[in-house]
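In what follows, a single structure is set out as structure tokens and then discussed.
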Amino acid sequence: MSRLTHDFGPFFDENSEILILGSFPSVKSREQQFYYGHPQNRFWKLLAVLFCDECPTTIDEKRVFLKRNHIALWDVIESCEITGSSDSSIRNAIVNDLEKVIPNTKIDRILINGGLAYRLFEKHMAEQAASLGIPEERCFKMPSTSPANAAYSLERLAGCWRIALSDV
């Protein structure tokens, strides 16, 4: 188990309206220095379905996709002890500060991708989100897009995520 620090920043611009928070970057994401880099993670396919758009493949395409759809990406965890990419191995997490993103955007909702990310968000970030103008009812626990969440097909994920995006 190694202590790692999230070594690439949040992705957002002044037009971002939706913040999607994961837990901590996978090994592949850390190698690529961008979010959801593992090819088996369904994150990008899911967003393509939800926004009726082409699925981006390169990091440049992903950045353009996110900007076009007013999406910001970040992770709940700034640093932690972790083995590989396993959320279940995460120990001694230190969380990020939402003040770095929300005040500089139009973000009005937060989607939290997965159980661990949501538990840490609830414990350490929900109060801060509320103080920055994002009330609890605008913070959504989403089923994980990880391939480890085999109970959810892409269609089932889309149905759940679509509800949180319903008034976008």
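The values are calculated or read from the model by the stated rules, or taken from the named source; none is laboratory data. Just so it is clear, the model here is predicted, and its values are computed rather than measured. Note: ideal-geometry Cβ built from the backbone for every residue, glycine included; neighbour counts use all protein chains shown.
Look through region 119-151, keep the residues that are touching a Gly at 6+ places or on another chain (Cβ under 9 Å) and crowded, with 20+ Cβ neighbours inside 10 Å, and return whichever of them is nearest to I102 (Cα to Cα).
M142
Check every one of the strands (runs of 3 or more DSSP E) wholly within region 1-118 and list those with 1 or more residues that are modelled with pLDDT under 95 and touching a Leu at 6+ places or on another chain (Cβ under 9 Å). Even if it seems obvious, please write down each step before you answer.
Numbers: elements: 2-5, 18-22, 71-75, 77-82, 91-95, 109-113.
Per the criteria, 77-82, 91-95.
Kindly provide the set of residues from region 103-124 that are within 14 Å of the chain's Cα centre (by Cα), touching a residue at least 60 places away in the same chain (Cβ under 8 Å) and over 11 Å from G22 (Cα atoms), ordered by number. Spell out how you get there, then give the answer.
Step one: filter region 103-124 for residues within 14 Å of the chain's Cα centre (by Cα), giving 107, 109-121.
Next cut, touching a residue at least 60 places away in the same chain (Cβ under 8 Å) only: 107, 109-114, 116-117, 120-121.
Once the filter is applied, which keeps residues that are within 14 Å of the chain's Cα centre (by Cα), touching a residue at least 60 places away in the same chain (Cβ under 8 Å) and over 11 Å from G22 (Cα atoms), region 103-124 yields I107, R109.
Could you list, in sequence order, the residues of region 149-166 that are at pLDDT below 95, over 17 Å from the mean Cα position of the chain (by Cα) and more than 26 Å from S86 (Cβ to Cβ)?
S166
State all residues of region 72-108 that are closer than 21 Å to K28 by Cβ, crowded, with 18+ Cβ neighbours inside 10 Å and not hydrophobic (A, V, I, L, M, F, W, C); if no residue qualifies, say none.
D75, S85, D87, N96
Scan region 1-56 residue by residue and report those that are touching a residue at least 24 places away in the same chain (Cβ under 8 Å), acidic (D, E) and over 14 Å from H70 (Cα atoms).
D7 - this is the single residue of region 1-56 that is touching a residue at least 24 places away in the same chain (Cβ under 8 Å), acidic (D, E) and over 14 Å from H70 (Cα atoms).
Which numbered condition trips up F34, out of (1) buried (at least 22 other Cβ atoms within 10 Å of the Cβ); (2) within 24 Å of P103 (Cα to Cα); (3) touching a helix residue (DSSP H, G or I) at 6+ places or on another chain (Cβ under 6 Å)?
(1)
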